[in-house]
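The values are calculated or read from the model by the stated rules, or taken from the named source; none is laboratory data. Just so it is clear, the structure is predicted and the values come from calculations on it, not from any experiment. Neighbour counts are summed over all protein chains in view; Cβ atoms, including those assigned to glycine, are modelled from backbone coordinates with ideal geometry.
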Ligand SMILES: [Fe+2]
């Protein structure tokens, strides 16, 4: 198998942006948080080096792990690095807010903030950021909640249960036991159909085989189906094709399947599209192709469409989808960031949406990517959809 490294994903101007972003983060952190305070020189040097290492997290992961999105490093290193960067970002945001207040006091009240005041505020900001980071990292490790929806329509199959998971991001930080517990949680729901809307894995199969192989335990009456997310393409999607077959997971990227019961009665039309990143980072893989995805669609059947990105929802509706299932946003994860994630994803970030009377469920993600391993108030989910026809 060819190893997929970030040399394939980040190149030329993108590599420069990576280093510029790190340099900006370090410069801002130093100027806002450290430059103006008077503390022991050794402590200041240690903090400066710490800020430098944290700010250059991504270039360092690239150098030592060969890949930013799925570094070949122990899971605790990747999660630790992402938590440290989040913590620094929180301290920096609080530091910027503090500077605005200091400026206000200076102009409005002619009050110059003392050094001890600055040090005290920085310590409190750091304490707050560490607590928030610990809570967020702890939440990210919690098992997913089961979220139930019931939809009724005369053309739906009756008492038909779909279990929808997404963004499991199985990587070096994911233990086989975690996936075994997830498989049990899903099987205990007695699904008729299990669907996964992508970002199943991060990295090469050889590095994460024990945890990925646990997916073979998934059991559903009509099978397990999935589409690729952007992270499959970052992980050389084609190299995974044989693996999915061995795990009894059928990929329906730009294709479909008609679910049929034992008597031959057709129950629903399940279609899937690939991720738009396919062509950019993993040619000759193809981006979403709605014509191929809906080929042979019988309009008397309900259509369930799998799309990793919620932004595709209006296109899925145009293609005929009654219910679109999606992921990618991880629910937004952090207040403030959630609004930005929504902005970048067509306004969609978490939960239930409608467009022209058609439905979309946007799952918060069933686990989480190690590269941003924080959840403040958007818990991981297993979505359970019960279809009824009366
Ligand atoms: Fe994801």
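Among residues belonging to region 330-343 that are surrounded by 13 or more Cβ atoms within 10 Å (Cβ to Cβ) and more than 13 Å from the ligand (Cβ to nearest atom), point out the one that is farthest from residue 86 (Cα to Cα).
This residue is 342.
What number goes with the only condition from (1) surrounded by fewer than 19 Cβ atoms within 10 Å (Cβ to Cβ); (2) in contact (Cβ under 8 Å) with a residue 24 or more places away in the chain that residue 263 does not pass?
(2)
Here is a yes/no grid of residues against (1) at pLDDT 95 or above; (2) touching a helix residue (DSSP H, G or I) at 6+ places or on another chain (Cβ under 6 Å); (3) not assigned by TED's automatic domain parsing to the domain that holds residue 361:
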position: 134; (1), (2), (3): yes, no, yes
position: 151; (1), (2), (3): yes, no, no
position: 170; (1), (2), (3): yes, yes, no
position: 204; (1), (2), (3): no, no, no
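I'm checking my understanding of the structure. Among residues of region 226-241 that are out of contact with any helix residue (DSSP H, G or I) (no Cβ under 9 Å at 6 or more places or on another chain) and surrounded by fewer than 23 Cβ atoms within 10 Å (Cβ to Cβ), which one is modelled with the lowest pLDDT?
Step by step, filter region 226-241, then rank; the result is 238.
In this structure, does residue 129 turn out to be modelled with pLDDT of 95 or more, under 30 Å from residue 32 (Cα atoms), crowded, with 16+ Cβ neighbours inside 10 Å and within 16 Å of the ligand (Cβ to nearest atom)?
Against the criterion (modelled with pLDDT of 95 or more, under 30 Å from residue 32 (Cα atoms), crowded, with 16+ Cβ neighbours inside 10 Å and within 16 Å of the ligand (Cβ to nearest atom)), residue 129 does not qualify.
Taking residue 382 as the residue in question, decide whether it is more than 13 Å from the ligand (Cβ to nearest atom), surrounded by 18 or more Cβ atoms within 10 Å (Cβ to Cβ) and either in the same structural domain as residue 190 (by TED's automatic domain parsing) or modelled with pLDDT under 95 (or both).
Yes.
Please find, within region 288-329, the residue that is nearest to the ligand (Cβ to nearest atom) out of those that are part of a strand (DSSP E or B) and touching a helix residue (DSSP H, G or I) at 6+ places or on another chain (Cβ under 6 Å).
By that ranking, first place goes to 326.
Mind checking whether some residue in region 191-202 is over 21 Å from residue 145 (Cβ atoms), part of a loop (DSSP other than H, G, I, E, B), within 16 Å of the ligand (Cβ to nearest atom) and under 17 Å from the mean Cα position of the chain (by Cα)?
yes
I need a count of the residues in region 344-376 that are out of contact with any helix residue (DSSP H, G or I) (no Cβ under 8 Å at 6 or more places or on another chain) and surrounded by fewer than 18 Cβ atoms within 10 Å (Cβ to Cβ).
The number of residues fulfilling the criteria is 6.
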